[in-house]
Amino acid sequence: MKFEIKEVEGTRVVYMKYKGLPQKASKHLATVFKSIKGKSCGAPIFYYLKEIANSEEVEMEICVPSDENPSIPGVEVKILPREKVIATTYVGPYTNLSKGYEELMAYVKENQVNVTGVAKEIYLKGPGMILPGNPSKYITEIQFLLG
């Protein structure tokens with residue numbers, strides 16, 4: 001895996017807050033897309049609000065970049081700030097996404113990179129709305145915010 005420190009531009013997103021099991025968060029992504037009639041201008045983002053400890057429950061914002069205004073209560077608009085991150089790209093099924101995290105955490109520790117513990121997942125290629133696609137070809141960028 002390759003690792004990169006980079007600046008991420010601020011992005012206007014529609015989002016929905018979520019607290020619960022991480023594997024159930026994706027079910028709420030459809031609500032966010034529905035609120036903007038599918039009119040996105042970027043890849044979906046799961047923005048974790050707290051450090052992902054080995055906890056079963058997470059707090060996150062399920063975000064979709066869009067210029068549209070949401071039509072469903074509970075889906076709001078915000079600007080994600082410009083941030084400096086360390087990132088890596090994981091290719092494979094979501095069930096093995098933890099391997100990407102493990103490699104990124106090992107790199108951060110080995111190279112003494114100061115991170116906040118807050119993470120983002122950007123889903124560059126995943127299942128379609130109708131067909132699931134090939135999970136071994138899903139592409140997810142994992143980002144840790146720098147401290």
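What follows is calculated from the coordinates using simple rules that are stated; it is not laboratory data. Note that this is a predicted model, so its numbers are computed, not measured. Please note: Cβ atoms are built from the backbone with ideal geometry, for glycine as well, and neighbour counts cover all protein chains shown.
Picking from Asn111, Asn96, Asn134, which is most flexible by a Gaussian network model of the chain using Cα springs under 10 Å? Highest fluctuation of the listed residues: Asn111. Residues Thr116, Thr11, Thr95, ranked from the fewest to the most other C-beta atoms within 10 Å, line up as Thr95, Thr116, Thr11.
Taking amide H positions as modeled 1.01 Å from N, with prolines and chain starts lacking one, the residues under 5 Å from Val118 and 5 or more places away or on another chain are Leu145. For the chain, what does -39500 (n - 2.57) per DSSP helix run (n ≥ 4), summed and divided by total residues, give at 222 nm, in deg cm²/dmol to the nearest 500? Calculated from helices alone, the mean residue ellipticity at 222 nm is -5000 deg cm²/dmol.
Remark: for residue pairs Lys17/Lys99; Lys2/Lys120; Lys39/Lys120; Lys6/Lys50; Lys39/Lys84, the C-alpha separation exceeds 24 Å in Lys17/Lys99; Lys39/Lys84.
Taken about its Cα centre, the stretch 3-146 carries a charge dipole of roughly 440 debye when the Cβ of each Lys and Arg holds +1 and the Cβ of each Asp and Glu holds -1.
One decimal place: the segment Lys34-Glu103 gains 21.4 nm when fully extended, by the rule 0.36 nm per residue minus the C-alpha distance. Counting only alpha carbon atoms, the long axis of helix 26-35 and the longest principal axis of the chain meet at about 40°. For the options Met16, Met105, Met60, a Gaussian network treatment of the chain with springs between C-alpha atoms closer than 10 Å singles out Met105 as fluctuating the most. The stretch between Leu131 and Arg82, if pulled fully straight at 0.36 nm per residue, gains 14.3 nm over its current Cα-Cα span. In percent, rounded to a whole number, the relative contact order of the stretch 1-58 is 44, using alpha-carbon pairs under 8 Å and six or more apart.
Within the listed set Glu61, Glu110, Glu102, the Gaussian network model of the chain (springs between alpha-carbon atoms below 10 Å) gives the highest mean-square fluctuation for Glu110. In this rough spin-label picture, where each label sits 7 Å from Cα along the Cβ direction, the Thr89-Glu51 distance is 3.0 nm.
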